[in-house]
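Next up is a structure, given as structure tokens.
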Amino acid sequence: MRICELPICILEGLPSEPVLSVDGAWGAPGLNLSHWPGQKTPPELRHDLSTGIALAFARLPQEHQAELARGCTALANNHYDTDGVLALFALARPAEALAHADFLLDAAAAGDLFRVPSERAFALDALITGLAEPGSPWEELWRGTRGREKHERLVRELVERLPWILAGGLEELEAVWKPRLERLRADLAELRTATKDEIVHLELAVWTSERRIEPGRHALFGTSVLDRALLLEREGALTRARLIVNTSSWFELVSRGALPRPDLAALAAQLNAQEGVARGAAQAWRAQTPDNPAPELWFGIAELESFAEHNDAQRASRLEPALIRRAVLESLRAAWVFPEDD
């Protein structure tokens, strides 16, 4: 059986037989094509994105593919997202994927790295995300299911229908992605009214606004190639602050190195001391855990989903923007290490 003929599955644990696993890196036996930490991708196939790795595999002669994937019984992933879906598409429909390679890479970057290579790439990422949400035009496909079964149904349907989507179906499904694109355009317009400062050696972009603007992650990382984004917004005499450490320092990229990540919990504790917030207060400086691929720090309530495009948990802090900025810079410098001499 050729690689492209292997069944596609979403796994919740380790399989008993070898599989060709993409995007995730969870110790499954067989061949792993991934940019996640702990990946076991053959060095000659490495790429910043799992979709890029899968496309590189698809370019190999079939004999070499069979040798690398010997014994694999399925094409597998353990989660649902754009980069994973497109990586599976590249393996299951290689000729069609290779014909759209550059666009697929752009869409995967929009998904995993929060970049905006183009509006159409953002739209494909938004479509794949939106198809899994309530109100999706494909909801009938997965209604009554969740987790592995839901995502497996969606992935298999997407792999079958992506040739149609790439040939014009994306525009026919604009009801799913157009509202997100319109919000992105508004976010970018708002962000252009802020003052931007890039501290390149610390991989930090700082935007300061004299009013509340609240741009999303794609607006922030779509307008800076740096790994960390700090947004400081004035709200009267108060300040709204949002610091995000992007996935580009979490995935194992080949195009760039990664600085050590700051201790966001320690930074939150420091800011809470300066804020005078009591332990257990409803509003305080919060930090997501360091194992989060793209954690953030903010002042507000505790409930915030991972990878939230917009931070609805934010509230206004009494701290001045200059004080918050200084604390963030000190935290980044504390984590920074000098490059080793050659």
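Just so you know, all these numbers are worked out from the coordinates, no wet-lab data involved. No experiment lies behind these values; they were computed from the predicted model shown. Because the Cβ atoms are built from the backbone with ideal geometry, glycine has one as well, and the counts that use them run over all protein chains shown.
For the chain, which longest stretch is free of loop sites, where a loop site is one of the GluC sites (Glu not before Pro) that DSSP puts outside H, G, I, E and B and that has at most 15 other Cβ atoms within 10 Å?
Free of exposed loop sites, the longest segment is 13-209.
Quick one: length gained pulling Gln270 to Leu323 fully straight, 0.36 nm per residue minus the C-alpha distance?
That pair, Gln270 and Leu323, stretches by 17.9 nm at full extension.
Hey, quick one: spin label on Ala189, modelled 7 Å out along Cα-Cβ, who in region 116-146 has an amide N within reach, i.e. under 17 Å?
It comes to 119, nothing else.
Given points 7 Å out from each Cα along the Cα-Cβ axis, report the Val225 to Arg279 separation in nanometres with one decimal.
4.6
Which of the aspartates and glutamates could a cross-linker bridge to Lys196, judged by Cα under 17 Å and excluding same-chain residues fewer than eight apart?
Leaving aside aspartates and glutamates fewer than 8 places away in the same chain, those within reach of Lys196 are Asp187, Glu210, Glu214, Asp227, Glu233.
Which is farthest toward the positive dipole end of the chain among Gly300, Ala265, Thr145, measuring Cα position about the Cα centre, with Cβ charges +1 (Lys, Arg) and -1 (Asp, Glu)?
Gly300
Where a Cα-Cα gap under 13 Å defines reach, which aspartates and glutamates qualify for Lys40, not counting those fewer than 8 residues away within the same chain?
Here the aspartates and glutamates satisfying the reach criterion relative to Lys40 are Asp23, Glu252.
With contacts defined as alpha carbon pairs under 8 Å and 6 or more residues apart, what's the relative contact order of the chain in percent?
Computed value for the chain: 13 percent relative contact order.
Would you calculate the separation in nanometres between label points at Arg153 and Ile301, each defined as 7 Å from the Cα along the Cα-to-beta-carbon direction?
3.2
Now for a different question. When the label point is put 7 Å from the Cα of Arg234 along its Cα-to-beta-carbon vector, which residues of region 150-187 have a backbone N closer than 19 Å?
Within reach of a label on Arg234, which here means backbone N under 19 Å from a point 7 Å along Cα→Cβ, region 150-187 contributes nothing.
I want to check the label-to-label distance for Ser16 and Ala258. Put each point 7 Å from Cα in the C-beta direction and report it in nm to one decimal.
3.5
To the nearest 20 Debye, how big is the dipole of region 3-182 about its Cα centre, given +1 on the beta carbon of each Lys and Arg and -1 on that of each Asp and Glu?
300
Further question on the same structure: Sort Cys72, Cys4, Cys9 by Cβ crowding within 10 Å, fewest neighbours at the top.
Cys4, Cys9, Cys72
Could you size up the charge dipole of region 192-335 around its Cα centre, putting +1 on the beta carbon of Lys and Arg and -1 on that of Asp and Glu, and report it in debye to the nearest 20?
Once rounded to the nearest 20, the dipole reads 340 debye.
Which value, in debye to the nearest 20, gives the size of the charge dipole of the chain about its Cα centre, when Lys and Arg are +1 and Asp and Glu are -1 at the Cβ?
In total the dipole reaches around 700 debye.
Take every DSSP beta bridge whose two residues both sit in the chain, then give the antiparallel share in percent to the nearest 5.
Antiparallel bridges make up about 60 percent of those DSSP assigns within the chain.
Something else about it: For the charge dipole of the chain, defined by +1 on Lys and Arg C-beta atoms and -1 on Asp and Glu C-beta atoms about the Cα centroid, which residue among Ala335, Ala58, Ser317 has the Cα displaced farthest towards the positive pole?
Ser317
To continue, here is another question. Measure out, as a whole number of angstrom, how far apart the alpha-carbon centroids of region 39-61 and region 180-251 sit.
Cα centres, region 39-61 to region 180-251: 32 Å.
Taking the C-alpha atoms of region 192-335, how large are the radius of gyration and the largest Cα-Cα span, Dmax, in Å?
That works out to 14.1, 44 Å for Rg and Dmax.
Further question: Tally the DSSP beta bridges in region 192-335 and give the antiparallel ones as a percent, rounded to 5.
80
Moving on. How big is the convex hull of the Cα atoms of the chain, per residue, in Å³?
152
Could I ask something else about it? So what's the angle, to the nearest 10 degrees on a 0 to 90 scale, between helix 101-112 and the longest Cα principal axis of the chain?
Once rounded, one gets 40 degrees.
On a 0 to 90 degree scale, rounded to 10, what angle separates helix 264-275 from the longest Cα axis of the chain?
20
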